[in-house]
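Worksheet: the structure to be examined is printed underneath.
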Amino acid sequence: MTYPTQPEASHFIDGQYVEDASGTALPVIYPATGEKIADLHAATPALVDRALEAARRAQPAWAAMTGTERGRILRRAADIMRARNRELSELETRDTGKPLQETLVADATSGADALEYFGGLAATLSGEHIQLGEDFVYTRREALGVAVGIGAWNYPTQIACWKAAPALACGNTMVFKPSETTPLCALKVAEILKEAGLPDGVFNVVQGYGEVGAGLVSDVRVAKVSLTGSVPTGRKVYAAAAEGMKSVTMELGGKSPLVIFDDASLEDAVSAAINANFYSTGQICSNGTRVFVQDGIREAFLTRLAERLKAVKTGDPLDETTNFGPMVSERQREIVEGFIAKGQQEGARLVAGGGRLEGEGFWIEPTVFADVEDHMTIAREEIFGPVMSVFGFATEEEALERANATIYGLSAGVFTRDIARAHRFVAALQAGSCWINTYNLTPVEAPFGGMKMSGVGRENGRVAIEHWSQLKTVYVATGAVEAPF
C-alpha cells in the first residue's frame, strides 16, 4: 500500500477528516521536483474553535481512564506505525524531500518509539505519601487539560509523536498544528491513533499559517503549549502563552559546537561532522555547525572530509541509494544561499560546495567553509541548511570559551580519547544535550532540550512527564483543629 499525497481532507477533528475550502490555500510542494502534490486549506477560525472544543469536551473522560488503559492505546498505535513504516516513510519523503534512506530509520520509527515509551510510562504515573506524625500528605499527578502542539517541518511525524505521546499518556488532549510546509504526515498519526482506539477529540490536527498557531496559543481553553521552531517564533509564542499563564515547552534553534581534539579518532570525527551538518540536508536544530578542530589535525580533517564528500549521492529521494536530498522549499534554499554569499564576503574560505545542483527542485551542494572566524555571520547565526563552518583552536580552555560564546545552547559534542577531558569538557559546556565521541543520537528514553535561547523545558525521557502534568498536594489531618480564638 502507498499513501496518496492528497489527503481525504485538510484537518482531522473529533475523530474524522474535516474540510473547509474557504480557508487560505495551502499547497504542498515536493522539494525534489518543485511540483505540487496536494492542495490543502488552512483552518478557519470556526474550525480552530471546533478542534479546541472537541479537545476540551474529550479531556475529562480521557483523563479518567487508568494509565494502563491510555498506555495500551498508545502502544497499539506504535505497533501499527511500525507495521506501516515504509508507507509512512515514503509519505514523509514526499512531504519533506528527505531521502527514503533516512526516513525509513529516523522518522516514523522514532515516532513509534515515543508512543511505545510513554505508553509504557502511563501506568506508572503516581504521587507520593508523606507521613507527618498522625497526619499525612499525599500528592496526585494530574493532567493539565487541553494542550497545543506546534510542529516544525524537518521531522513532521516524529515531532507530532514526541508531543502527542507524553501529552496523551498524562491524560491531556491535544490540538496539533503541523508546519504549513509539511502538513501531510500528522494526519496519518491522527488516523493511526484513532485506529488504535483513541477516543474522538483526544488528538486533533489543524493546518495553517502563523495566524492559526496564534489563535491556538492564545485561546483560554488551552493549558499547555509545546513548540518546536525558531527562536523568533519561540519569542512570540512564549509571550502569548505568558498572557494566560500557560505551561510552555519550547525546543528552538541552535548554533551548536562540535569540538574535535587532536587525539580523537579522525575517521569517527569526520563521520560525526558529516552527520552533524549534512544529514537531512542540514535541516536539524541540534546540528553541530560550528566544528572546532584542534590545530594539529585540522588540515588532515579537511582533507579526509573532502574525500568523504565524494560519496554524496543525490537523485530521486525515493531511491534508497540516494543519501542527500533537497532543501525543503525554494525559500529555505534562498536563505541558505544568502548565508553562503555572506560567508564568502566576510572572508571565510570556501573549500567545498556553495552552489545549486542542476535540475528541478530545491537542491544545493553540501558546503564547507574553513578559516571561519567567530565574528562572521555564518559563525553566529543559525543557517538551517548544509553548511559546515570549520574553526581552528589551540587549547582546551580556548575551545571551551569559544564554544560557549553564543546565545544558543541546544547541543554540543566533543571528540577525544581522553575520557577525563571529555567529561570535564561537557560539564562546562552551556548546552542541554551533549555527546561524547558521537553526535545527534536522540533516543526517546533520554531528555532533549536546550539552554539559553534554545528553549525551555525538555522533551522525551521520564522528565517530560513533569512538563505534561501538574502536581496536586493534599494535606490530611487526623486530629482536632487548633485555633487562636
Inset, instruction - Starting from the Cα gyration tensor of region 47-122, multiply each eigenvalue by 5, take the square root, and state the resulting semi-axes largest first in whole Å. - result: 28, 18, 8
Inset, instruction - Would you give the gap between the C-alpha center of region 70-115 and the C-alpha center of region 229-308, rounded to a whole Å? - result: 24
Legend entry - 1.4 Å probe accessible area per residue over the chain, in Å²: 39
Legend entry - Compactness relative to 2.2 N^0.38 Å, alpha carbon Rg of region 18-62: 1.61
Legend entry - Estimated inter-spin distance, A394 and A64, nm [label 7 Å along Cα→Cβ]: 7.1
Inset, instruction - Please work out the ratio of the alpha-carbon Rg of region 162-289 to 2.2 N^0.38 Å and round it to two decimals. - result: 1.31
Inset, instruction - Obtain the radius of gyration and the Kirkwood radius of region 133-215 from its C-alpha atoms and give Rg over Rh. - result: 1.14
Inset, instruction - Just the number, please: Stokes-Einstein D of region 272-312 in µm²/s, Kirkwood Rh from C-alpha pairs, 20 °C, 1.002 mPa s. - result: 195
Legend entry - Loop-located trypsin sites (Lys or Arg not before Pro) in region 376-443 whose Cβ has at most 15 other Cβ within 10 Å (DSSP): R417
Inset, instruction - Calculate the tail of P(r) for region 88-157: the fraction of all Cα-Cα distances greater than 18 Å, expressed in %. - result: 61
Legend entry - Full-extension gain in nm, I407 to T139, via 0.36 nm per residue minus C-alpha separation: 92.7 nm
Inset, instruction - Please quote Rg/Rh for region 1-143 to two decimal places, taking the Kirkwood radius as Rh and restricting both calculations to Cα atoms. - result: 1.11
Inset, instruction - Work out how far the C-alpha atoms of region 337-485 reach from end to end along every principal axis, then list the three figures in whole Å, largest first. - result: 82, 44, 32
Inset, instruction - Would you mind calculating the gained length between Q6 and A83 on full extension (0.36 nm times residue separation, minus the Cα-Cα distance), in nm to one decimal? - result: 25.6 nm
Legend entry - Taking the convex hull of Cα positions in the chain, its mean projected area over all directions (nm²): 26.2
Inset, instruction - Can you work out the PRE-style zone for A306? Point 7 Å along Cα to Cβ, and I want the residues of region 364-386 with backbone N under 15 Å. - result: 367-371
Inset, instruction - Run the quick spin-label model on V426 and K342: label points 7 Å from Cα toward the beta carbon, then report their separation in nm to one decimal. - result: 3.1
Legend entry - Spin-label proximity, L318 to region 55-92 - amide N less than 20 Å from point 7 Å beyond Cα toward beta carbon: 84-92
Legend entry - Formal net charge of residues neighbouring E445 (Cβ-Cβ distance under 9 Å; K, R +1; D, E -1): 0
Legend entry - Förster-model FRET efficiency, 30 Å R0, K36 and V220, C-beta, rounded to 0.05: 0.20
Legend entry - Share of carbon and sulfur in the accessible heavy-atom surface of the chain [1.4 Å probe, %]: 52
Inset, instruction - Return the inverse of the average 1/r over all pairs of distinct C-alpha atoms in region 268-349, which is the Kirkwood hydrodynamic radius, in Å to one decimal. - result: 14.4
Inset, instruction - Report, in deg cm²/dmol and to the nearest 500, the calculated mean residue ellipticity at 222 nm for the chain, where each DSSP H run with n ≥ 4 adds -39500 (n - 2.57) and the sum is divided by the residue count. - result: -11500 deg cm²/dmol
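The values are calculated or read from the model by the stated rules, or taken from the named source; none is laboratory data. Quick caveat: nothing in here was measured; it's all calculated off a predicted structure. Here the Cβ is made from the backbone with ideal geometry for all residues, glycine too, and neighbour counts use every protein chain on show. Areas reflect the complete protein model, heavy atoms only, side chains present, ligands, DNA and RNA absent. Shrake-Rupley method; radii C 1.70, N 1.55, O 1.52, S 1.80 Å.
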